[in-house]
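Asks: Got a structure here, written out as structure tokens. Questions coming.
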Amino acid sequence: MSTTLSFTRETTVGAIVAAQPGLARLFEHLGIDYCCKGKQTLVQACAQRGLDTATTLVLLQSAADALGDSPVEIDAAGMTLTQLADHIENTHHAYTKVELPRLVEMADRVAAKHGSYDPRLFEVSASTRNLAEEMFDHMEKEEVALFPLVRRIETETEGSCARSMIATPIRQMELEHDDAGRAINHLRELTDDFSTENPCCNTHRALLAGLAAFEADLHRHVHKENSILFPRVLELTSPSSTQACTP
Ligand SMILES: [Fe+2]
Ligand SMILES: [Fe+2]
């Protein structure tokens, strides 16, 4: 049975994945950035990738039909803000805290053993370590400051919904997401798209596979914050919100 698409060429790619999370896989396959650049419209994203928008819409229709009614991703858009903040912490942050130290350790080991054969491995090691340090710092800001504020805004009826309290930290988190996006893109370039065709050793192969998996998780992580959590918080705290706001 055909699924009716709920979007057009002018819908943002972030909103498309928010509405139909399973379509993230097609965007990843096409190289369309739906997280850090989630505010781009479909037609803008296609232009940037040199893709024909009409053809991409056909592909999206086929992918939506294949997905049917069975979601392959969690329905983040259907959660409360508190549930979504909890979900992000319990899944994406928990995964990142375990996975990035493992990748740093492997990248160090591979560079030490095979860096003389391929000097790019030293840069892979340094870039992975920098990404880990930035991500840990970023997640701490979200867990200690931003997400508690999000939970308060949702549960309190007064005194917590001043937009100025939250717009600035949200903007800062978005900028840091851009930094993380650039860092993982750089690692992708350094590793020829995480290619495992000619690994130096099994640790190198595991590192490349781990980086590719981390990139996929990072895209989903940033998408849920940039395109679902943050816009809903800003909407709730906007001057036109019906929720009672007292300074
Ligand atoms: Fe996060
Ligand atoms: Fe974040």
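The values are calculated or read from the model by the stated rules, or taken from the named source; none is laboratory data. In this text, all values refer to a predicted model and were calculated from it rather than measured experimentally. So basically every Cβ, Gly included, is an ideal-geometry build from the backbone, and we count neighbours across all protein chains shown. SASA here: full protein model, heavy atoms, side chains in, ligands and nucleic acids out. Shrake-Rupley method; radii C 1.70, N 1.55, O 1.52, S 1.80 Å.
Asks: Any idea of the accessible area per residue across the chain, 1.4 Å probe, to the nearest Å²?
Replies: Value for the chain: 50 Å² per residue.
Asks: Would you mind classifying the chain by shape? Square roots of the alpha carbon gyration tensor eigenvalues, ordered a ≥ b ≥ c; an a/c under 1.5 is rounded, otherwise it is prolate if a/b is larger than b/c and oblate if not.
Replies: oblate
Asks: Then there is this: Quick one: dipole size for the chain, taken about the Cα centre, charges +1 on Lys/Arg Cβ and -1 on Asp/Glu Cβ, in debye to the nearest 20. Please list the in-between numbers first.
Replies: On the way: 22 positive and 36 negative charges, 37 e Å.
Dipole of the chain, to the nearest 20 debye: 180 debye.
Asks: Quick check: from the Cα gyration tensor, does the stretch 26-142 come out rounded (a/c under 1.5), prolate or oblate?
Replies: Cα axes put the stretch 26-142 in the oblate bin.
Asks: Classify the stretch 1-56: rounded, prolate or oblate, from the alpha-carbon gyration tensor (a ≥ b ≥ c, eigenvalue square roots; a/c under 1.5 rounded; otherwise prolate if a/b is larger than b/c)?
Replies: rounded
Asks: What lysines does Lys97 reach when the alpha-carbon gap must be under 20 Å and sequence neighbours fewer than 8 apart in one chain are set aside?
Replies: Counting by Cα, and skipping residues close in sequence, Lys97 has these lysines nearby: Lys141, Lys224.
Asks: Also, quick follow-up: Just want to confirm a number: the relative contact order over the stretch 1-56, from Cα pairs under 8 angstrom separated by 6+ residues, in percent.
Replies: Normalised by residue count, the contact order of the stretch 1-56 is 38 percent.
Asks: Using only the heavy atoms of the protein chains and a 1.4 Å probe, how would Tyr117, Tyr95, Tyr34 rank by accessible area, largest first?
Replies: Tyr117, Tyr95, Tyr34
Asks: Cα-Cα pairs above 13 Å in the stretch 82-121: how many percent?
Replies: Counting every Cα pair in the stretch 82-121, those more than 13 Å apart make up 61 percent.
Asks: Only sites in a loop by DSSP and with at most 14 other Cβ atoms within 10 Å count here; which GluC sites (Glu not before Pro) in the stretch 174-204 make the cut?
Replies: Details: sites: Glu174, Glu176, Glu189, Glu197; in loops: Glu197.
Here the GluC sites (Glu not before Pro) that fit, given the DSSP loop and packing criteria, are Glu197.
Asks: Here's another thing I want to ask about it. Helix by helix through the chain, keep the DSSP H runs that span 15 Å or more along the axis on Cα and average at least 0.5 on Kyte-Doolittle, and give those back in order.
Replies: Answer set is 53-67.
Asks: May I pose another question? Heavy atoms only, 1.4 Å probe, whole protein assembly: order Arg129, Arg182 by accessible area, highest first.
Replies: Accessible-area ranking of Arg129, Arg182, largest first: Arg182, Arg129.
Asks: Suppose accessible area is computed on protein heavy atoms with a 1.4 Å probe; arrange Thr128, Thr91, Thr168 from highest to lowest.
Replies: Numbers: Thr128 0, Thr91 55, Thr168 100 Å².
Highest to lowest solvent-accessible surface, that is Thr168, Thr91, Thr128.
Asks: How much of Phe122 can a 1.4 Å solvent probe reach, expressed as accessible area in Å² and rounded to 10?
Replies: Accessible area of Phe122: about 110 Å².
Asks: Please report the accessible area of Leu190 (heavy atoms, 1.4 Å probe, ligands and nucleic acids excluded) in Å², nearest 10.
Replies: 20 Å²
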